[in-house]
Amino acid sequence: MPANQIAPFPAVVESLSHDGRGVARVQGKVWFVEGALPGETVIVRPTKTRRSFSLGVADKITVQSKDRTQAPCQYFGTCGGCVLQHLEHSAQLILKGKTLLVALGKVGVSPVGITNPMAAMPWGYRRKARFGVRFVPKKGGILVGFRERNSKHVTPLAECLVIDPSVNSVLPRLPSLLQGMSAPDRFPQVEVAVGDNATALVFQHLEPLTTEDTNRLEQFGRENNLLVYSQSGGPDSIEAIFPRQPVLLNYTLPKFSIVVGFSPTDFIQVNRLVNQALVEMVIDWLDIGPTDSVLDLFCGLGNFSLPTARGAKRVLGVDESSSLISRARDNALHNQISNATFERRDLFRKDLGEWDPGQFSKVIVDPPRSGAIEALNFVSKRVKPRFLAYVSCDPATLARDAACLTNAGAYRLVKLGLADMFPHTTHVESVALFHRIEDTVSDTK
Ligand SMILES: C[S@@+](CC[C@H](N)C(=O)[O-])C[C@H]1O[C@@H](n2cnc3c(N)ncnc32)[C@H](O)[C@@H]1O
């Protein structure tokens, strides 16, 4: 039956879906209910029906969760950026911990407790973001913001509570800047990247910029104390507009006296303080010492490799991106690190090369959301490290990969930690430590 022919009905919400909707079961059917929290009773207004599940909105909350809070952001409910603002921050962490344990439980990985979450800066934490730009004359012209929930439209933002404050001060000025360009409808995206030394904006454009456009962007950079770039194609097509001579952004890992240089389109961990805690935890859990040779897979700029190299005998960082590998090498040089080398390699291939058993005693793995099944198969069967730390941004692929390590009987999950990298969103960042079974008796840290 079409959604608009079903009258609103009461439902008890059992859990939260991966995208932050309340999950309720009514007469054998699963409903995903926007705006509803676990433990609540709500009146569901159906919005879409499907054979196996249906969608609805919580029109009224009749029994309210004790964890419900007033979302502070004026755009909450429309903007798709952070969908959990109506849940107390402490409850978000409990929920993410449960998500992690449920995912591991489903694939039969023996449970371990989760250590205290690495949490800091629940607001103003984002140092990387991509704002969508739309030209909608009937809404006043240029709109800049994040995508709306469940649609391709953009929520125009005058401020964002999770973005770094340096970006907030220029966000409201972006529409008029773009409106004055020669082809205002040809700028699909503005990417922002915040370093400890500066904030950069990258203006993606589909038509060549005129001299006037470039002058306008340059002036904007000068007036607002920003680095300004243009981008005509992929990440490598960025060109510095202000200043003309590109300035590398950087962030520090103070405990290890490391400065990591990066370009605005490079991957960096979004949350500065949580990243510092995550790096420290991985190095502590791996108990890195001067006899260790460490393999850092999906190493990016060297975020884990460089601080690890401070304490280890040697580190090999591997990543598919040649620009990141080249930047990681530069970063090693600038930090006077001579025991870290970097290699470009596609880690989704099955045969990963000539790494021999015993060559690396410890391995760090930090893959994209799709996980690292190929790399882990190879590493667990061939490299056979004693310890493996897996940094994950997706519980489902972590669980699949953890099962690959543990079900064959080679590894045991010994520690699990949650990193509050993306407060108020449903993203779950975690770290899992595995020990090789034959070594676990003598190695207990
Ligand atoms: C989550 S990021 C981690 C980066 C780094 N460890 C850090 O903390 O900044 C994932 C990394 O995987 C790399 N990557 C993606 N696909 C890959 C592949 N097929 N082979 C190797 N590296 C890949 C990306 O370039 C990116 O640097």
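Brief remarks on what is shown
- Whole-Hz ³J(HN,Hα) from phi, Karplus 6.51 cos²θ - 1.76 cosθ + 1.60, for segment 164-177, glycine and proline x: 4, x, 5, 7, 4, 6, 10, 3, x, 8, 5, x, 6, 4
- Charge dipole (debye, nearest 20) of segment 128-249; +1 at Cβ of Lys and Arg, -1 at Cβ of Asp and Glu: 480
- When the chain is treated as a Gaussian network with alpha carbon springs shorter than 10 Å, the biggest mean-square fluctuation among Val379, Val144, Val112 belongs to Val112.
- All-pairs Cα distance distribution in the chain, expressed in whole percent, bin size 10 Å: 4, 19, 26, 25, 18, 7, 1
- Under 5 Å, built H, 5+ apart or other chain: amide partners of Leu16: Val23
- Computed E for Arg244/Arg344 - FRET, C-beta separation, R0 25 angstrom, nearest 0.05: 0.25
- Across segment 344-353, computed HN-Hα scalar couplings (Karplus, 6.51 cos²θ - 1.76 cosθ + 1.60, θ = phi - 60°) run 8, 7, 7, 7, 8, 7, 6, 9, 9, x Hz from first to last residue, x flagging Gly and Pro.
- Using a probe of 1.4 Å, the accessible surface attributed to Ser323 totals some 40 Å² when neighbouring protein chains are kept in position.
- When the helices of the chain are scored as -39500 (n - 2.57) per DSSP H run of n ≥ 4 and the total is divided over every residue, the value at 222 nm lands at -6500 deg cm²/dmol.
- A simple rule links phi to the HN-Hα coupling: the Karplus curve 6.51 cos²θ - 1.76 cosθ + 1.60 with θ = phi - 60°, which for segment 121-133 gives 6, x, 10, x, 8, 7, 9, 9, 6, 10, 8, x, 10 Hz, with x for Gly and Pro.
- An oblate overall shape is assigned to segment 320-386, the ratio a/c of its alpha-carbon gyration tensor axes (a ≥ b ≥ c) being 1.5 or greater and a/b not exceeding b/c.
- The protection proxy used here, the mean number of other Cβ atoms lying within 10 Å of each residue, ranks peptides 350-356, 178-184 as follows, highest first: 178-184, 350-356.
- Tensor-based shape of segment 3-63 (alpha-carbon gyration tensor, a/c under 1.5 rounded, otherwise prolate or oblate): oblate
- Dividing the radius of gyration of the alpha carbons in segment 128-249 by their Kirkwood radius gives 0.93 for Rg/Rh.
- Net lengthening on full extension, Gln5/Ser326 (0.36 nm per residue, minus Cα-Cα): 109.7 nm
- Gaussian network model of the chain, springs between alpha carbon atoms under 10 Å - residue of Lys152, Lys138, Lys48 with greatest fluctuation: Lys138
The values are calculated or read from the model by the stated rules, or taken from the named source; none is laboratory data. Predicted, not measured: the structure shown is a model, and the values here were computed from it. No Cβ is skipped: glycine too gets one built from the backbone with ideal geometry, and neighbour counts run over all protein chains shown. Surface areas here come from the heavy atoms of the whole protein model, side chains and all, with no ligands, DNA or RNA. Shrake-Rupley method; radii C 1.70, N 1.55, O 1.52, S 1.80 Å.
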